[in-house]
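Everything below concerns the one structure shown next.
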Amino acid sequence: MRLRIEQRQEPSAQMRIAAPVIATALTFLAGSVLFAALGYDPLATLHAFFVAPINSINGLSEWLLKASPLILIACGLAVGFRANIWNIGAEGQLIIGAIAACGVGLFYPNPESPLLIPLMFLAGAGAGMAWAAIPAFLRARMNTNEILVTLMLTYIATLLLSFLVHGPWRDPAGFNYPQTALLPAAAMFEPFDYSYRLNPSIFITAVAVVIMWLFTDRSFLGYKMSVSGAAPLAARYAGFRESSAVWTGLLAGGAAAGIAGMAEVAGPLGQLSPQISPGYGFAAIIVAFIGRLNAFGIVLGGLLMSLLFLGGETVQMTLGLPAALTRIFQGILLFFLLAADFFIYYRLRLPEHA
Amino acid sequence: MIPRLELRSITKSYPGTVANDAVSLSILPGEIHAVLGENGAGKSTLMKIIYGAAQADSGEIYCDGRRIEAHNPAISRSLGIEMVYQHFALFESVSVVENIALAVKGTFDLGRLATEIEALSARYGMPIDPHRRVHDLSVGERQRVEIVRCLLQSPKLLILDEPTSVLTPQAVVKLFGTLRQLASEGCSIVYISHKLDEVQELCDTATVLRNGKVTGTAKPKESTSLELARMMVGSQLPEMHVSPSAPSAKPLLEVRGLSAPARDKYGTELTDVSLEVHGGEIVGLAGVSGNGQAELIALLSGERTHPRAETILIGGRPSGHLSAGERRKLGMAFVPEERLGRGAVPPHALWENAVLTAHRAGLVRNALVDRRRAGDFARRVIERFKVKANGPQASAQSLSGGNLQKFIVGRELTLEPKILLVSQPTWGVDVGAAAFIRQTLVDLSRAGAAVLVVSEELDELFEICDRLLVISNGRVSPPLIRKQTNREEIGLLMTRVGHGETRRTEVALED
Ligand SMILES: Nc1ncnc2c1ncn2[C@@H]1O[C@H](COP(=O)(O)OP(=O)(O)OP(=O)(O)O)[C@@H](O)[C@H]1O
Ligand SMILES: [Mg+2]
């Protein structure tokens, strides 16, 4: 018996809903087999992965705290992805945004000014956009490949950060640790409650989600971008400039990542050190795709990704699972999620036999 | 005799339409059978089912008396069934010979295949250069590739879905000769066309579809085209009224000494092209496709710009450097020859495709797309041009070829342009709708617009144009008054410099 793959006449609405459910079920199944084979109790492990991390107020706070930058960046990136503009250097844009925001916070003449947070916000967004403007300019003018340029600029950003915290910006009173001085209180978001780390920067993310929805679903610019993505010749036919799609796509991602960087230094971090992001900029790419480049989907994708981060830590700490195993499990889930999408557009058919 | 192909009660529905409703027909070996019907009648769907590219909901297919189970294109090819799709199925990023090699059984000897293609295509009067990339071919050239690909396989059953829509009359004559030859050797042919004179000339029998149902059969050679048309449309054909033109004093579109290098090494270089289109007249540009039409139209529409602004004047204003969007602002509209992917975004709904060029007509407000107005606009186009579609929400790719063409032409005409460029305005459109589109073009011009029509169909050009230009090998002839010229003169001009074709072949052989 041979199965055949067949394109559906139109995307299946039921599958759109069922796909994530099927993927989750398959993940639990495959994960259980994996854990059991290695001698861990599957139920306890799954519990530690998905329930334990968010079983407390602190857990919930951490969950949202980590989801927020993922969602924010994914929203920005998705604007470009919809037009086939592949910005994979959000990590670098986040770092540059964090550097610029921290610079303002540290060196602004009046450390008590209420203007500090807004200025840092602008600095973060502006720096992220400036960093993304480099690949935009090169692509629009010289048709260079933005995938390469954005990625390579990430390494430059990482090294620049390292240079600053090891050199000119190192805290003189910091026992030679490679880090800057702590930001003044006026340059930090005040947490909702000092026992937890969650702070009002999540409202920025919430606003970004709404803007992203408006932009992609309702705005003319967003429409033009979707035409560029789906049919470049039609975009040219209609007279939509390719360069405007390139600029918009890259700047949106840069701004979002820069703001996320600002929210990190002005939130949980409070200072710069050589390692300021656990890879938010890269994980956000996956979040954007899990969310099908759609605002609402991205929120769910960000929450899931953040839970996977937390769950991975929890199982390592409480059950002693090796880090590699948690990574494998995370990979399995993402694989099933993205693979299940296939069935929205295709189906398997048994050839009818005589 | 056992029929080569027999269909029994084939039914196929799509959301909102029954494309084929209990269709039965049978075709003998050596028979040339026409399938006729209006746009959206279900012809292409039926052909895809025969070929296995789409699955029927119910019904049976027999080939040489044996039932075909579990159907797909690979099985078809192994049975000797070949098909030329209405919307070509070629891989754009590879060359012609590579495309054909993918479909040919056995050999992957590209060198030999290329020689074979060259010889065969020259013999059939459809010269193609096997080493060009499909991406760079015009639709006319792509159609030749598709046909040659099928002919190479010496098929037993050949399905041709509007194969002549963008072929020149000369190529059609040769193609018919070839098809008759094939039929005399026992090959059965299913032939779809909206050109009834072709059907009468070529086909032995015909099945007429309307709304997915078989409504009758005919012997085209014994019927008049009026009878056939009536069977298809079920009502009277509209009559054309072409009132005399009153051209404006100054041209609305003027090209002065335009020269431009080819898009790529296989494109055609434009040399010193000059032409004028006045308000109130329709100018036709005749020519064998691949002679520089694509380059000229891209430069006129603004998809490609020219460094010297004064070579193209729109309403007297130097515009060579303006982008397509800026030219549209000056009142230009444009119907391209590729409808899927250029004139329309295939996965987008019709209302979204309305926004593509009609966004200036109030469909965008405060930088937001006004969905209600876009829907209304699309609905108006659908109604006025009788587009058969499942409402403004239907995706462009779900429309039948002729219906999408009607939508795109309708959208551009509804914008009431001052200057309209049209490539192949009635490509794949049924007789009734073609007459309507032509009439609308005439009315638009008589209301003062300048209309430039690019077509390979001389009959169409002669029916509606006031003046004719001939393009060949990147040069445009001086204008000919339609009433003072005839098909022979134009045909001669088109082919005289027809060495454009051979020149390019030589270039290809050199490198
Ligand atoms: N993929 C699809 N999804 C939805 N509807 C479809 C799809 N393909 C075809 N249809 C519908 O089926 C009907 C028949 O379409 P078909 O392409 O067979 O028409 P046709 O006779 O070939 O017309 P034309 O002369 O314009 O090529 C049309 O109403 C069309 O909208
Ligand atoms: Mg068709």
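Here, each number is a calculation from the coordinates, and none is a lab measurement. Keep in mind it's a predicted model, so treat the numbers as computed, not measured. Positions of Cβ are generated from backbone atoms using ideal geometry, with glycine treated the same way; all protein chains shown enter the neighbour counts.
So the values come out like this:
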{"quantity": "Rg followed by Dmax, in Å, when the range B:40-81 is reduced to its Cα trace", "calculated": "10.1, 30"}
{"quantity": "Calculated diffusion of chain B, Stokes-Einstein form, Kirkwood radius summed over Cα pairs, 10 °C and 1.306 mPa s, µm²/s", "calculated": "67 µm²/s"}
{"quantity": "Whole-number D in µm²/s for the range B:8-146 (Stokes-Einstein; Kirkwood sum over Cα pairs; 4 °C, 1.567 mPa s)", "calculated": "76 µm²/s"}
{"quantity": "Residue order, fewest to most surrounding Cβ atoms within 10 angstrom, among A:S228, A:S12, B:S58", "calculated": "B:S58, A:S12, A:S228"}
{"quantity": "Footprinting exposure proxy for A:I96, B:I464 (fewest neighbouring C-beta atoms within 10 Å first)", "calculated": "B:I464, A:I96"}
{"quantity": "Out-of-range pairs (alpha-carbon distance over 21 Å; input B:K48/B:K219; B:K12/B:K43; B:K219/B:K388)", "calculated": "B:K48/B:K219; B:K219/B:K388"}
{"quantity": "Net charge contributed by nearby residues that have their C-beta within less than 11 Å of A:A140 (K/R +1, D/E -1)", "calculated": "+1"}
{"quantity": "Gyration tensor over alpha-carbon atoms, the range A:64-292, equivalent ellipsoid semi-axes in Å", "calculated": "32, 19, 14"}
{"quantity": "Whole-percent pair-distance distribution, where bins are 10 Å wide, for the alpha carbons of the range B:251-510", "calculated": "7, 30, 35, 21, 6, 1"}
{"quantity": "Number of partner chain Cβ atoms within 10 Å, mean per residue of B:70-80", "calculated": "1"}
{"quantity": "Rounded to 5, percent antiparallel among DSSP beta bridges of the range B:251-510", "calculated": "50 percent"}
{"quantity": "Range of Cα positions in the range B:299-385 per principal axis (Å), largest first", "calculated": "41, 30, 23"}
{"quantity": "Kirkwood Rh in Å, taken over the range A:30-121 so that all alpha-carbon pairs contribute", "calculated": "17.2 Å"}
{"quantity": "Alpha-carbon gyration tensor eigenvalues x 5, square-rooted, for the range A:126-242, Å", "calculated": "38, 24, 9"}
{"quantity": "Equivalent-ellipsoid semi-axes of the protein assembly as shown, from the Cα gyration tensor, Å, largest first", "calculated": "57, 35, 24"}
{"quantity": "Packing-based exposure ordering (other Cβ within 10 Å, fewest first) of B:S184, A:S306, B:S121", "calculated": "B:S184, B:S121, A:S306"}
{"quantity": "Helix runs (DSSP H) in chain A reaching 20 Å along axis by Cα, Kyte-Doolittle at least -0.5", "calculated": "A:13-37, A:57-81, A:90-107, A:116-142, A:146-166, A:242-264, A:295-318, A:323-340"}
{"quantity": "DSSP bridge orientation in the protein assembly as shown - percent antiparallel, rounded to nearest 5", "calculated": "55 percent"}
{"quantity": "GluC sites (Glu not before Pro) restricted to the range B:1-82 and DSSP loop, no more than 13 other C-beta within 10 Å", "calculated": "B:E69"}
{"quantity": "C-alpha long axis of helix B:499-510 to longest principal axis of chain B, angle in °", "calculated": "70 degrees"}
{"quantity": "Calculated [θ] (222 nm, deg cm²/dmol) that DSSP helices of n ≥ 4 give over chain A, each run adding -39,500 (n - 2.57)", "calculated": "-22500 deg cm²/dmol"}
{"quantity": "Amide H within-cut-off set for B:D57, under 5 Å, with H built and near neighbours excluded", "calculated": "B:T11, B:K12, B:S13"}
{"quantity": "Pairwise Cα inverse-distance average, inverted: Kirkwood Rh of the range B:100-194 (Å)", "calculated": "13.8 Å"}
